[in-house]
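**Q** Please read through the structure below; I'll follow up with questions.
The values are calculated or read from the model by the stated rules, or taken from the named source; none is laboratory data. The model shown is predicted, which means the values in this text are computed figures rather than measured ones. Positions of Cβ are backbone-derived with ideal geometry, glycine not excepted, and every protein chain shown enters the neighbour counts.
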Amino acid sequence: MSRIRVPIKAYILSLFPQAADESRRRSGSPRQGQQLRALANGLAVPSFWTRAEINQAFDAANQIWIREAEIEFSPVDISARVVSVPADERGMWIGFVNQLGPRSGGIGVGFVYDLPSHEGGWGGGRIAVVSGRKARSGLPGFAGSLLAHELGHVLIDDPNHELAHDDASNLMFGRRNPRVANAGLLTRDQVRAAQTRARTLGTVVEDADRAAPASRGAAPRPTAR
Ligand SMILES: [Zn+2]
């Protein structure tokens, strides 16, 4: 059986406030939705995610996605980044979409300290964002489960969780409790949709190539001369 491998650009993402007039000009609309208070007050919001935490979250998300759909998020390239975004939900989402989408293939994933409202994460288009505050509020492993869910929003075009059919054991169930372990299951329809989309974002890897994970750098390094 073949596996689909989707490369990730992960960012330890600190947020910097965007001036109100600039944010209106960019998003073309007044503030909408709840605001991230610190950012609205003109304060920067450092990320506080560590590389180890991000790698752990991807390990857990990969366990789910490989088991359910033979999709693996790899390699994961992590770097620190600062973006300037409006404080309101809609403006911030637009700011992320415009700044985090990778130029070539793959998915851009921002690891922020917090998001407006009680959202644990956002996903869509070619980006996902995960809130550390929410991830840490849950059971151990919740960060990975949250990440897997948001990546699901990238791979499956179903923003309102309709394909989860209100089944709490489904990965894409919409009202998850961070203190209740989730089975992270996917239906056949969800798997089919995700695989179709993942093929456009990554590459199909046959069995033989799988022994050496791409994240460990299978290719020999060029020698210095
Ligand atoms: Zn969701």
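**Q** Hey, any hits in segment 7-20 for a residue that's over 19 Å from the mean Cα position of the chain (by Cα) and assigned to a helix (DSSP H, G or I)?
**A** yes
**Q** Test S131 against the criterion of being within 16 Å of the ligand (Cβ to nearest atom), of a type in the set (S, T, N, Q) and either within 13 Å of the chain's Cα centre (by Cα) or crowded, with 19+ Cβ neighbours inside 10 Å (or both), and give yes or no. Steps first, answer last, please.
**A** Working: within 16 Å of the ligand (Cβ to nearest atom): yes; of a type in the set (S, T, N, Q): yes; either within 13 Å of the chain's Cα centre (by Cα) or crowded, with 19+ Cβ neighbours inside 10 Å (or both): yes.
When the stated conditions are applied, S131 passes them.
**Q** Moving to a separate point now. With the requirement that a residue be under 16 Å from A60 (Cα atoms), crowded, with 16+ Cβ neighbours inside 10 Å and over 17 Å from the mean Cα position of the chain (by Cα), what does segment 179-206 give you?
**A** Of everything in segment 179-206, those that are under 16 Å from A60 (Cα atoms), crowded, with 16+ Cβ neighbours inside 10 Å and over 17 Å from the mean Cα position of the chain (by Cα) turn out to be N182, L185, L186.
**Q** Determine the pairs where a residue that is over 12 Å from V85 (Cβ atoms), located within segment 13-34, has a partner that is modelled with pLDDT of 60 or more and in a loop (DSSP other than H, G, I, E, B) with Cβ atoms under 6 Å apart, the partner being 6 or more residues away or on another chain.
**A** Listed pairs, sorted by first residue: Q34/P116; Q34/S117.
**Q** Considering (1) more than 16 Å from the ligand (Cβ to nearest atom); (2) under 30 Å from N41 (Cβ atoms), say which one E150 fails and leave the rest.
**A** (1)
**Q** Quick check on my filter: what residues within segment 77-108 are of a type in the set (A, V, I, L, M, F, W, C) and surrounded by fewer than 21 Cβ atoms within 10 Å (Cβ to Cβ)?
**A** Hits for segment 77-108 are I78, A80, V82, V83, I94, V97.
**Q** Then there's this: Scan segment 112-125 and give yes if some residue there is away from the ligand (no atom under 13 Å from the Cβ), aromatic (F, W, Y), outside any loop (DSSP other than H, G, I, E, B) and in contact (Cβ under 8 Å) with a residue 24 or more places away in the chain, otherwise no.
**A** no
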